[in-house]
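Right, one structure below, let's go through it.
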Amino acid sequence: MKKKLIAGNWKMNGSLAANVALLQALQAGGANASSDMAVCVPGVYLSQVAQLLQGSTISLGAQDVSSFDSGAYTGETSAGMLREFGVRYAIVGHSERRQYHGETDAVVAMKTQKALAAGITPIVCVGETLAEREAGKTEEVVKRQLAAVIHANGHCISEIVVAYEPVWAIGTGKTATPAQAQEVHAVLRAQLLAATPQADRVHILYGGSMNAANAAELLAQKDIDGGLVGGASLKAPDFLAIAAAA
Ligand code: PEP
């Protein structure tokens, strides 16, 4: 059985001092045999966090990556630049980027390609809004989002991580029930299986108000291979408890 992956998404939170305190507490909490841990931090802190994580089992992640290699793209950071700082994972297509930065399925597919080409594992986020769920469109939406990524990255699709993050559950305190989450994860697994015989290798994470209290039940589902954790990843005891629940 593959190890679970518990990745924290700090979003636009942190400070030089707070990062030191959080990472010290996480490292003091110790490695967990049943799960791998990663922290996806704001770009300006990559250098600091890379240094703080030296010799640690916690991996470094970014929250976004450019769909371009270099050039006149003000404000962007390329996959090659991230790699120079020892970045192992990059979140791609988070719903906040889709919503506030207009990222389309095609852009998300390109970003996935750039990350893979640089040796960074993309954590590709998919998920439906509340209106889409209520309209019975959950499966259609997540399959469309993942299909774009599969189409552009076919031959190395088993190298990605997928995160199912229902938009209505992100930062709201509303979590998908384990059964609701498993149902969508099974759809995603089947879609991956149609694209690669190695679909079982792909980690499919659940994200959306995962916390110390609900993690164990979610992570016990057959196709839930870990978590992408926002708010609770900023509190060391909560993040450690989620990792231990895996
Ligand atoms: C996220 O931002 O990916 C997320 C899942 O956030 P939260 O855990 O706060 O809902």
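Restricting the first residue to segment 38-55 and requiring it to be within 18 Å of Gly231 (Cβ to Cβ) and of a type in the set (Phe, Trp, Tyr), which pairs with a second residue that is modelled with pLDDT of 95 or more and open to solvent by 40 Å² or more (accessible area, probe 1.4 Å) meet a Cβ separation below 8 Å and a spacing of at least six or different chains?
Correct list of pairs: Tyr45/Gly14; Tyr45/Leu16.
Answer yes or no as to whether Ser233 is open to solvent by less than 10 Å² (accessible area, probe 1.4 Å), more than 21 Å from Ile160 (Cα to Cα), hydroxyl-bearing (Ser, Thr, Tyr) and within 16 Å of the ligand (Cβ to nearest atom).
Answer is yes for this residue.
So Leu193 ticks every box in (1) touching a residue at least 24 places away in the same chain (Cβ under 8 Å); (2) farther than 22 Å from Arg88 by Cα but one. Which box is left unticked?
(1)
Need the failing condition index for Arg201 against (1) buried (at least 19 other Cβ atoms within 10 Å of the Cβ); (2) closer than 22 Å to Ala215 by Cα; (3) out of contact with any strand residue (DSSP E or B) (no Cβ under 8 Å at 6 or more places or on another chain), just the number.
Condition (1) is where Arg201 drops out.
Would you please list the contacts, defined by Cβ atoms under 9 Å and residues six or more apart or on different chains, that run from a residue in segment 217-245 that is closer than 26 Å to Ala28 by Cβ to a residue that is among the hydroxyl-bearing types (Ser, Thr, Tyr) and open to solvent by 50 Å² or more (accessible area, probe 1.4 Å)?
That search, which allows pairs on different chains as well, returns Leu218/Thr177.
List every residue pair whose Cβ atoms sit under 9 Å apart, with the two residues 6 or more apart in sequence or on different chains, where the first one lies in segment 136-148 and is at pLDDT 95 or above and the second, anywhere, is basic (Lys, Arg) and not in a loop (DSSP other than H, G, I, E, B).
Val141/Arg133; Gln145/Arg98
Of the residues in segment 194-211, how many are β-branched (Val, Ile, Thr) and either near the ligand (Cβ under 8 Å from one of its atoms) or within 11 Å of the chain's Cα centre (by Cα) (or both)?
1
Using beta carbons and a limit of 7 Å, which pairs, at least six apart or on different chains, have the first residue in segment 1-14 and within 10 Å of Ile91 (Cβ to Cβ) and in contact (Cβ under 8 Å) with a residue 40 or more places away in the chain and the second one among the polar types (S, T, N, Q) and in a loop (DSSP other than H, G, I, E, B)?
Going by the 7 Å Cβ cut-off, the qualifying pairs are Asn9/Gln63.
Please specify each residue of segment 135-179 satisfying the condition of being more than 16 Å from the ligand (Cβ to nearest atom) and surrounded by fewer than 14 Cβ atoms within 10 Å (Cβ to Cβ).
Matches in segment 135-179: Ala135, Gly136, Glu140, Arg144, His151, Gly154, His155, Cys156, Ala179.
With the structure loaded, tell me whether Val187 is away from the ligand (no atom under 16 Å from the Cβ) and open to solvent by 20 Å² or more (accessible area, probe 1.4 Å) or whether it fails that test.
Here the answer is yes, as Val187 does meet what is asked.
Considering only segment 20-101, give the strands (runs of 3 or more DSSP E) lying wholly within it that have at least 2 residues that are within 16 Å of the ligand (Cβ to nearest atom) and open to solvent by 70 Å² or more (accessible area, probe 1.4 Å).
Ranges flagged: none.
When segment 120-139 is examined, which residues are found to be out of contact with any helix residue (DSSP H, G or I) (no Cβ under 8 Å at 6 or more places or on another chain) and over 12 Å from Gly93 (Cβ atoms)?
Ala131, Glu134, Ala135, Gly136, Lys137
The values are calculated or read from the model by the stated rules, or taken from the named source; none is laboratory data. Remember, it's a predicted structure, so these values are computed and weren't measured experimentally. Cβ atoms come from the backbone with ideal geometry, glycine included; neighbour counts cover every protein chain shown. Side chains included, ligands, DNA and RNA excluded: accessible areas come from the protein's heavy atoms. Shrake-Rupley method; radii C 1.70, N 1.55, O 1.52, S 1.80 Å.
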